[in-house]
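Peer 1: Got a structure for you, written out below as structure tokens; questions coming shortly.
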Amino acid sequence: MAFLSFLDREKSIAHPGYSRWLVPPAALAIHLCIGQAYAFSVFKIPLTRLLGITKSLPDDWSQSQLAWIFSLAIVMLGLSAATFGKWLEAAGPRKAMFASAVCFALGFYISYFGVVWHQLWIIYLGYGVIGGIGLGLGYISPVSTLIKWFPDRPGLATGMAIMGFGGGAMIGSPLSIKLMAYFHTATDVGVGKTFLAMGTLYFLLMMFGVFTVRVVPHGWKPDNWTPPVKQQALVTSHNVEVNTAFRTPQFWLLWIILCMNVTAGIGILEQASPMIQELFKGAIGPVAAGGFVGLLSLFNMGGRFFWSATSDYIGRKPTYFIFLALGAVLYFFLPQTGGNHLNSVKLFVAISAVLLSMYGGGFATIPAYLRDLFGTYHVSAIHGRLLTAWSVAGVLGPVLVNYMREYRIAHGAEKASAYQTVLLVMAGLLVVGFIANLLVRPVDPKYWMPDQKDGA
Amino acid sequence: MAENTKKSSGAMILLAWLIVGIPLGWGVYNTLLSSMKLFQAPPAQITTPASPVK
């Protein structure tokens, strides 16, 4: 299709004089949109009242049926990022962002029909499968491009984009609530029309990203910057092809690090509201707990920017040492802040905020860690495959937290003290990640692509 | 064919950041308002430690 030729990689190469500071907003436009996925829960109650409007009827969908929509989307995120990463490297970021925008918007439009016809499988297919593919493509699409535009600050660059994914939920949640209130009538909860409106709004913002993103021209480098002659031990100037990287121990060590860090973070995120209420019974109610969840979201987003930018100065491996060592200590100490020990809400909130900042930081710093070890050539594709660790953690974290807590309560533990075991296990997971980080060494030269240096 | 060497203008860069910054700022503002509820909660009750941690 000739009219889509503007999406070709060759057509998106930056002209001389193009500012690299236009590329992060393009990446942010994509991530701010797809980050809406984390706010999907605001649709859960209205979707259980499509027939009853004011209350659920027997034929309405249950919350457990609806939970599959988000789970499917996250699984598809991991799968599509792993599958399409190599295609993305060849096709370029503009085509991948466009495909992401089409899938993400289409997911909303298809789900509209699922609401109108009251067919849940249509929403599974729309938002879950097709929208989920859009999530995966969108998540990895700007990574490689940003790293090439910011060879001097790769952590800062990818942190800016991945920060957007954290911020996306902050936009998606109030936007959905306001739109549902606007479209709500006596016979309609307003979800369907909200899906149509959001699909359109997000498509438009993502198109801004599509039209703004540019590929770095061959041989370009930032003004007044020369590549360091002597690289740090863990920073390579060589490249490793994605299928080869998949076979290196470094890939799987990073996979373990990401999986452990995310699993532990989800341990808090998943239980944030009930945990603070049960640890400080009588002092913290549901409204204040909602505020706590909001605060964690801010630190999750801020940590993505702060830690990834910091990693440019202190190095990727030391940054993860901080996440994994400090995280383990803080998880161990967290239950001691509860109502039957130190009884300090402030300390509990402060520690949780630091932990969530490191959870976000773990996501945002991993692309730069991959670039250090495997070069820039296939970094988006390798990142895509690494995101399967997120899919695994997305299941492992909530399962661990919920089942262990219920097991402890079933065996006579108080609700507040049941968290102690859960958080100790989270600390243990971070120790596993710490050991994996300790084992990370430079990639063996036998894996390097022949005659391929960075930027080639 | 003359090569396009036009520098990106500061206004264009500012506009690009505003396009993403305004919705992000709106989201952060809403979340900040929501998180204020935590600090408006009544002070924690002083409770006696129930039992030592085993």
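Peer 1: Name the residue, out of A:Gly138, A:Gly52, A:Gly107, that is touching an Asp or Glu at 6+ places or on another chain (Cβ under 6 Å) and small (Gly, Ala, Ser). Full working, then the answer.
Peer 2: On the way: A:Gly138 fails: touching an Asp or Glu at 6+ places or on another chain (Cβ under 6 Å); A:Gly107 fails: touching an Asp or Glu at 6+ places or on another chain (Cβ under 6 Å).
Every option except A:Gly52 fails the conditions.
Peer 1: Give the residue, chosen from A:Ala389, A:Ala381, A:Ala418, that is closer than 29 Å to A:Leu79 by Cβ and surrounded by fewer than 24 Cβ atoms within 10 Å (Cβ to Cβ). Working first, answer last.
Peer 2: Working: A:Ala381 fails: surrounded by fewer than 24 Cβ atoms within 10 Å (Cβ to Cβ); A:Ala418 fails: closer than 29 Å to A:Leu79 by Cβ.
Going through A:Ala389, A:Ala381, A:Ala418 in turn, just one is closer than 29 Å to A:Leu79 by Cβ and surrounded by fewer than 24 Cβ atoms within 10 Å (Cβ to Cβ): A:Ala389.
Peer 1: Please verify whether A:Thr54 is within 24 Å of A:Leu175 (Cα to Cα), away from chain B (no Cβ under 14 Å) and out of contact with any helix residue (DSSP H, G or I) (no Cβ under 9 Å at 6 or more places or on another chain), treating the condition exactly as stated. Break it down stepwise before answering.
Peer 2: Values: within 24 Å of A:Leu175 (Cα to Cα): yes; away from chain B (no Cβ under 14 Å): yes; out of contact with any helix residue (DSSP H, G or I) (no Cβ under 9 Å at 6 or more places or on another chain): yes.
Yes: the conditions hold for A:Thr54.
Peer 1: Mind listing whichever residues of region A:222-260 are farther than 20 Å from A:Ala157 by Cα and modelled with pLDDT under 80?
Peer 2: Correct list: A:Val229, A:Lys230, A:Ala233.
Peer 1: Can you name every residue in region A:331-348 that is in contact with a helix residue (DSSP H, G or I) (Cβ under 8 Å, 6 or more places away or on another chain) and free of Cβ contacts under 8 Å to residues at least 60 places away in the same chain?
Peer 2: Result: A:Phe333, A:Thr337, A:His341, A:Leu342, A:Ser344, A:Leu347.
Peer 1: Identify, by number, the condition in (1) farther than 20 Å from A:Leu373 by Cα; (2) touching an Asp or Glu at 6+ places or on another chain (Cβ under 8 Å); (3) not charged (D, E, K, R) that A:Leu295 doesn't meet.
Peer 2: Unmet condition: (2).
Peer 1: Would you check which residues across region A:96-109 are closer than 12 Å to A:Gly138 by Cβ and surrounded by fewer than 24 Cβ atoms within 10 Å (Cβ to Cβ) and list them?
Peer 2: From region A:96-109, those closer than 12 Å to A:Gly138 by Cβ are A:96-105, A:107; that's our starting set.
Answer for region A:96-109, where residues must be closer than 12 Å to A:Gly138 by Cβ and surrounded by fewer than 24 Cβ atoms within 10 Å (Cβ to Cβ): A:Phe98, A:Ala99, A:Val102, A:Cys103.
Peer 1: Here's something else I'd like to know. Within region A:199-220, which residues are farther than 23 Å from A:His383 by Cα and surrounded by fewer than 21 Cβ atoms within 10 Å (Cβ to Cβ)? Write out each step before concluding.
Peer 2: Within region A:199-220, the subset farther than 23 Å from A:His383 by Cα is A:199-205, A:207-208, A:211, A:219-220.
Matches in region A:199-220: A:Thr200, A:Leu201, A:Phe203, A:Leu204, A:Leu205, A:Met207, A:Phe208, A:Phe211, A:Gly219, A:Trp220.
Peer 1: When residues of region A:337-356 are filtered for being surrounded by 16 or more Cβ atoms within 10 Å (Cβ to Cβ) and within 14 Å of chain B (Cβ to nearest Cβ), how many remain? It would help to see each step written out before you state the result.
Peer 2: Let us first name the residues in region A:337-356 that are surrounded by 16 or more Cβ atoms within 10 Å (Cβ to Cβ), namely A:337-341, A:343-345, A:348-349, A:351-353, A:355-356.
Of the ones still in play, those that are also within 14 Å of chain B (Cβ to nearest Cβ) are A:337-341, A:343-345, A:348-349, A:352-353, A:356.
Number of matching residues: 13.
Peer 1: Can B:Leu18 be described as modelled with pLDDT of 90 or more, in a helix (DSSP H, G or I) and more than 7 Å from chain A (Cβ to nearest Cβ)?
Peer 2: Details: modelled with pLDDT of 90 or more: yes; in a helix (DSSP H, G or I): yes; more than 7 Å from chain A (Cβ to nearest Cβ): yes.
So B:Leu18 fits the description; yes.
This table checks each residue for (1) under 16 Å from A:Tyr127 (Cα atoms); (2) touching a residue at least 24 places away in the same chain (Cβ under 8 Å); (3) of a type in the set (Phe, Trp, Tyr); (4) touching a helix residue (DSSP H, G or I) at 6+ places or on another chain (Cβ under 8 Å).
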residue	(1), (2), (3), (4)
A:Pro16	no, yes, no, no
A:Pro25	no, yes, no, yes
A:Val75	yes, yes, no, yes
A:Tyr112	yes, yes, yes, yes
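Peer 1: Right, next: From A:Pro25, A:Pro58, which residue is on the phi < 0 side of the Ramachandran plot and in a loop (DSSP other than H, G, I, E, B)?
Peer 2: On the way: A:Pro25 fails: in a loop (DSSP other than H, G, I, E, B).
Just a single option satisfies the conditions, and that option is A:Pro58.
Peer 1: Report the residue count in region A:221-260 for those that are in contact with a Ser or Thr (Cβ under 8 Å, 6 or more places away or on another chain) and surrounded by fewer than 18 Cβ atoms within 10 Å (Cβ to Cβ).
Peer 2: Total satisfying the criteria: 2.
Peer 1: Further question: Within region A:247-278, restricting attention to residues that are within 14 Å of A:Val401 (Cα to Cα) and without any contact (Cβ under 8 Å) to a residue 24 or more places away in the chain, which residue is nearest to the chain's Cα centre (by Cα)?
Peer 2: Residues of region A:247-278 within 14 Å of A:Val401 (Cα to Cα): A:260, A:262-275.
Checking the rest, the ones that are also without any contact (Cβ under 8 Å) to a residue 24 or more places away in the chain come to A:273-274.
On the way: A:Ser273: 21, A:Pro274: 23 Å.
Per the stated criteria, the residue is A:Ser273.
Peer 1: If you don't mind, another one. Residues in region A:407-451 that are in a helix (DSSP H, G or I), in contact with a helix residue (DSSP H, G or I) (Cβ under 8 Å, 6 or more places away or on another chain) and farther than 16 Å from A:Leu324 by Cβ: how many?
Peer 2: 11
Peer 1: Also: When you check A:Phe323 against the structure, is it farther than 20 Å from A:His383 by Cα, in contact with a helix residue (DSSP H, G or I) (Cβ under 8 Å, 6 or more places away or on another chain) and in contact (Cβ under 8 Å) with a residue 24 or more places away in the chain, yes or no? Outline the logic, then answer.
Peer 2: Details: farther than 20 Å from A:His383 by Cα: no; in contact with a helix residue (DSSP H, G or I) (Cβ under 8 Å, 6 or more places away or on another chain): yes; in contact (Cβ under 8 Å) with a residue 24 or more places away in the chain: yes.
No.
Peer 1: Just one of the numbered conditions (1) within 19 Å of A:Gly126 (Cα to Cα); (2) in contact (Cβ under 8 Å) with a residue 24 or more places away in the chain is not true of A:Lys44; which one?
Peer 2: (2)
Peer 1: Here is a follow-up. Counting just the residues of region A:267-324 that are away from chain B (no Cβ under 13 Å) and among the hydroxyl-bearing types (Ser, Thr, Tyr), which one comes out farthest from A:Phe70 (Cα to Cα)?
Peer 2: Taking region A:267-324 as the starting set, the residues that turn out to be away from chain B (no Cβ under 13 Å) are A:267-271, A:274-275, A:303, A:306-324.
Right, trim to among the hydroxyl-bearing types (Ser, Thr, Tyr) and you get A:308, A:310-311, A:313, A:319-320.
Values: A:Ser308: 27, A:Thr310: 32, A:Ser311: 31, A:Tyr313: 36, A:Thr319: 31, A:Tyr320: 29 Å.
Per the stated criteria, the residue is A:Tyr313.
Peer 1: Being within 30 Å of A:Arg247 (Cβ to Cβ) and over 20 Å from the mean Cα position of the chain (by Cα), is that true of even one residue in region A:340-356? Even if it seems obvious, please write down each step before you answer.
Peer 2: To start, the set of residues in region A:340-356 that are within 30 Å of A:Arg247 (Cβ to Cβ) comprises none.
Checking region A:340-356: not a single residue is within 30 Å of A:Arg247 (Cβ to Cβ) and over 20 Å from the mean Cα position of the chain (by Cα).
Peer 1: Shifting gears a bit: May I ask you to list the residues in region A:28-51 that are aliphatic (A, V, I, L, M) and either at the interface with chain B (Cβ under 9 Å from one of its Cβ atoms) or more than 29 Å from the chain's Cα centre (by Cα) (or both)? Before you say what the answer is, go through the steps one by one.
Peer 2: If we filter region A:28-51 for residues that are aliphatic (A, V, I, L, M), which is where we start, we get A:28-30, A:32, A:34, A:37, A:39, A:42, A:45, A:47, A:50-51.
Scanning region A:28-51 gives A:Leu28, A:Ala29, A:Leu32, A:Leu50, A:Leu51.
The values are calculated or read from the model by the stated rules, or taken from the named source; none is laboratory data. What you see is a predicted model; the values in this text were computed from it and never measured. A quick note on method: Cβ atoms are made from the backbone with ideal geometry, for glycine too, and the neighbour counts reach across all protein chains shown.
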